[in-house]
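The values are calculated or read from the model by the stated rules, or taken from the named source; none is laboratory data. These figures come from a predicted structure and were not determined experimentally. Cβ sites come from the backbone with ideal geometry, for glycine too, and all protein chains shown count toward neighbours.
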Amino acid sequence: MSLLSPEWTAILYLIAAVCFILALKGLNSPRTARRGNLIGAAGALLAVVTVFLSSRLENIPLILAAIAVGSAIAAPIARRVQMTQMPQLVALFNGVGGGAAALVAVLELGHNADTWVRVAVVFTMLVGAVSFSGSAVTVAKLQELITTRPVIFPGMRWVMSAVLIAALVVGGFVIATGSAGWAIALLLLGLAAGLLLVLPVGGADVPIVISLLNAFTGLAVAASGIVLGNLLLVVAGTLVGASGTILTRAMASAMGRGVSGIMFGAFRGGSTAGSTAQSDRPVRSSGPEDVAVLLAYAQRVVIVPGYGLAVAQGQHTIAELATTLAARGVEVDFAIHPVAGRMPGHMNVLLAEANVPYESLKEMAEVNPEFKHADVALVVGANDVVNPAAKSSPGSPIYGMPILEVGQARQVIFLKRSMRPGFAGIENELLYDPKTSLLFGDAKDSLTKVLGAVNAL
């Protein structure tokens, strides 16, 4: 016997849905993102409790045991994960969501003979399986368990087409027969489609793929809501699918490329390749003391953070350096490129963790006109998002991508480990500009030395 009436169930589901909407609204800004996450978590908790109170559930001990095991695994991982591994964690959670939706659809297949419900089952199984296997590939690429270069083979596009056509045919058999055997075949085809979809994507494009697969998972969850007759799943899944789609298009636009070009560019040589070739061209290098003098006696400094800063865990050191410079009367801003790092908002999250004021984080459109007024542009672990090849090299994989115009500053300083190119595998001609100097080493170690030199002046 359920403890909640249908009316109260509907009201609580409505409150949970409003929480999800407010959560997405809160994620629009770093200032409100923490509150948005808490509101979203509260909505999810309310939804789960409502299900327990309004449904006649069987095997409750097994359900509670599964929740306990999942929580025991997920909570420590989420608390201990490093900032450099956050994109992998996001991709992993996204893939698990798609896989769970697909498995739920399989289990519900035998309980409903309605044709339209079976259509929703097929859609959930196929899209959820694609999201699961595709997300697994993105995790492997980001973790560098497999090459970050596009993986293609002769005839791959035809194999992909054959798999998708086979999936549609098998999906038709599942709708017509409700056979578990055909359902398993559809799952396998979905998993294969996910692998074939993501393997040709180069490493620098993986953040956009994560966003796209997030939209896929949302759509799979929405369809599973139709299968289960749960309106809240439909609403939540639709919100995730819509927001993921909008984010994917926005990120592709920020890179000056289309989503289809990102996903299938490798077949015509247009996807990022992730080269690790190291240049031996001469550059002007500096020591920590030289960099400290340039920064301490500047009037305005713009800092450009990148993935290298996250790898070195140098966010707290660079925040302290910015505070020290500000105390000396230097105006300091952080220039944030929308696709810097390995996931949307990666740099915002990284710097927020170090308590960098939100007012100091300047988006690309706002900060680009200001570079010409900057005495120093300090680039820490970034390369592709400041690479002039995006504007000057039509054959470049990143050609057309808007960049941070650091070359307009009076002096440019790069903090780099080596002369290896960025994740897109493209040499940066700005490194060889006469007004550019390089400080080699681990970003955190270099920043610590620069900070010490500034304090000693």
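If we scan segment 27-40, do we find a residue that is more than 29 Å from His346 (Cα to Cα) and part of a helix (DSSP H, G or I)? Steps first, answer last, please.
Here is the first cut: in segment 27-40, the residues more than 29 Å from His346 (Cα to Cα) are none.
Checked against the condition, which is being more than 29 Å from His346 (Cα to Cα) and part of a helix (DSSP H, G or I), segment 27-40 yields no hits at all.
Here are Gly202, Gly194, Gly178: which of them is of a type outside the set (Val, Ile, Thr) and farther than 18 Å from Thr248 by Cβ? Before the answer, list the steps.
Values: Gly202 fails: farther than 18 Å from Thr248 by Cβ; Gly194 fails: farther than 18 Å from Thr248 by Cβ.
Being of a type outside the set (Val, Ile, Thr) and farther than 18 Å from Thr248 by Cβ holds for just one of Gly202, Gly194, Gly178, which is Gly178.
What number of residues within segment 429-443 are touching a strand residue (DSSP E or B) at 6+ places or on another chain (Cβ under 8 Å), under 12 Å from Val412 (Cβ atoms) and of a type outside the set (S, T, N, Q)?
Adding up the residues that qualify gives 6.
Please find, within segment 220-252, the residue that is surrounded by the most Cβ atoms within 10 Å (Cβ to Cβ) out of those that are over 18 Å from the mean Cα position of the chain (by Cα) and more than 20 Å from Ile15 (Cβ to Cβ).
In this case the residue turns out to be Ala220.
For Ala66, work out the one condition from (1) more than 30 Å from Gly314 (Cβ to Cβ); (2) within 26 Å of the chain's Cα centre (by Cα) it doesn't fulfil.
Ala66 satisfies all of (1) more than 30 Å from Gly314 (Cβ to Cβ); (2) within 26 Å of the chain's Cα centre (by Cα) except (2).
Tell me, yes or no, whether segment 353-360 has at least one residue that is of a type in the set (A, V, I, L, M) and either in contact (Cβ under 8 Å) with a residue 60 or more places away in the chain or part of a helix (DSSP H, G or I) (or both). It would help to see each step written out before you state the result.
Let us first name the residues in segment 353-360 that are of a type in the set (A, V, I, L, M), namely 354, 356.
Add one more test, that the residue is either in contact (Cβ under 8 Å) with a residue 60 or more places away in the chain or part of a helix (DSSP H, G or I) (or both), and what stays is none.
Scanning segment 353-360, I find no residue that is of a type in the set (A, V, I, L, M) and either in contact (Cβ under 8 Å) with a residue 60 or more places away in the chain or part of a helix (DSSP H, G or I) (or both), so the answer is no.
Going by the structure shown, is Thr238 of a type outside the set (A, V, I, L, M, F, W, C), within 21 Å of Ser135 (Cβ to Cβ) and assigned by TED's automatic domain parsing to the domain that holds His111? Lay out the reasoning, then the answer.
Working: of a type outside the set (A, V, I, L, M, F, W, C): yes; within 21 Å of Ser135 (Cβ to Cβ): yes; assigned by TED's automatic domain parsing to the domain that holds His111: yes.
Taking the combined requirement at face value, the residue satisfies it.
Determine whether Thr148 is in a loop (DSSP other than H, G, I, E, B) and either surrounded by fewer than 17 Cβ atoms within 10 Å (Cβ to Cβ) or out of contact with any strand residue (DSSP E or B) (no Cβ under 9 Å at 6 or more places or on another chain) (or both).
Working: in a loop (DSSP other than H, G, I, E, B): yes; either surrounded by fewer than 17 Cβ atoms within 10 Å (Cβ to Cβ) or out of contact with any strand residue (DSSP E or B) (no Cβ under 9 Å at 6 or more places or on another chain) (or both): yes.
Yes: the conditions hold for Thr148.
Report every pair of residues separated by at least 6 positions or lying on different chains whose Cβ atoms are under 6 Å apart, first residue within segment 43-65 and surrounded by 11 or more Cβ atoms within 10 Å (Cβ to Cβ), second at pLDDT below 85 and among the polar types (S, T, N, Q).
Once the first residue is surrounded by 11 or more Cβ atoms within 10 Å (Cβ to Cβ) and sits in segment 43-65, its partners that are at pLDDT below 85 and among the polar types (S, T, N, Q) give Ser54/Ser2.
Please tell me if Ala180 is without any contact (Cβ under 8 Å) to a residue 12 or more places away in the chain, of a type outside the set (Val, Ile, Thr) and surrounded by fewer than 18 Cβ atoms within 10 Å (Cβ to Cβ).
Criteria not met by Ala180.
Looking only at segment 74-100, which residues are closer than 26 Å to Val227 by Cβ and over 20 Å from the mean Cα position of the chain (by Cα)?
Ala100
Any residue that is under 27 Å from Pro207 (Cβ atoms), at pLDDT 90 or above and not polar (S, T, N, Q) - is there at least one of those in segment 415-427? Walk me through how you get there before you give the answer.
Here is the first cut: in segment 415-427, the ones under 27 Å from Pro207 (Cβ atoms) are 415-427.
From what's left, at pLDDT 90 or above: 415.
Of the ones still in play, those that are also not polar (S, T, N, Q) are 415.
Checked segment 415-427: at least one residue is under 27 Å from Pro207 (Cβ atoms), at pLDDT 90 or above and not polar (S, T, N, Q).
Could you tell me whether any residue of segment 96-103 is of a type in the set (Val, Ile, Thr), under 24 Å from Pro207 (Cβ atoms), out of contact with any Lys or Arg (no Cβ under 9 Å at 6 or more places or on another chain) and surrounded by 16 or more Cβ atoms within 10 Å (Cβ to Cβ)?
First, pick out the residues of segment 96-103 that are of a type in the set (Val, Ile, Thr): 96.
Going one step further and asking which of them are under 24 Å from Pro207 (Cβ atoms), we end up with 96.
After this cut, where a residue has to be out of contact with any Lys or Arg (no Cβ under 9 Å at 6 or more places or on another chain) as well, the list is 96.
From what's left, surrounded by 16 or more Cβ atoms within 10 Å (Cβ to Cβ): 96.
Yes, because at least one residue in segment 96-103 is of a type in the set (Val, Ile, Thr), under 24 Å from Pro207 (Cβ atoms), out of contact with any Lys or Arg (no Cβ under 9 Å at 6 or more places or on another chain) and surrounded by 16 or more Cβ atoms within 10 Å (Cβ to Cβ).
For residues that are at pLDDT below 75 and not aliphatic (A, V, I, L, M), scanning just segment 394-409, find the one that is surrounded by the most Cβ atoms within 10 Å (Cβ to Cβ).
Top of the filtered list is Pro397.
Could you list all residues from segment 100-126 that are under 14 Å from Ala180 (Cβ atoms), free of Cβ contacts under 8 Å to residues at least 60 places away in the same chain and part of a helix (DSSP H, G or I)?
Hits for segment 100-126 are Leu103, Leu107.
Considering only residues that are β-branched (Val, Ile, Thr) and at pLDDT 75 or above, which ones fall in segment 236-274?
Initial filter on segment 236-274 (β-branched (Val, Ile, Thr)): 238, 240, 245-246, 248, 259, 262, 272.
Result: Thr238, Val240, Thr245, Ile246, Thr248.
Among the residues of segment 15-25, is any farther than 30 Å from Val170 by Cα, touching a residue at least 40 places away in the same chain (Cβ under 8 Å) and among the charged types (D, E, K, R)?
Let us first name the residues in segment 15-25 that are farther than 30 Å from Val170 by Cα, namely 15-25.
From what's left, touching a residue at least 40 places away in the same chain (Cβ under 8 Å): 16-17, 20-21, 24.
Now restrict to residues that are among the charged types (D, E, K, R): none.
Checked against the condition, which is being farther than 30 Å from Val170 by Cα, touching a residue at least 40 places away in the same chain (Cβ under 8 Å) and among the charged types (D, E, K, R), segment 15-25 yields no hits at all.
Which residue, of Val201, Val170, is in contact (Cβ under 8 Å) with a residue 12 or more places away in the chain and either outside the structural domain of Val96 (by TED's automatic domain parsing) or farther than 30 Å from Leu233 by Cα (or both)? Spell out the reasoning first.
On the way: Val170 fails: either outside the structural domain of Val96 (by TED's automatic domain parsing) or farther than 30 Å from Leu233 by Cα (or both).
Of the residues listed, the single one that is in contact (Cβ under 8 Å) with a residue 12 or more places away in the chain and either outside the structural domain of Val96 (by TED's automatic domain parsing) or farther than 30 Å from Leu233 by Cα (or both) is Val201.
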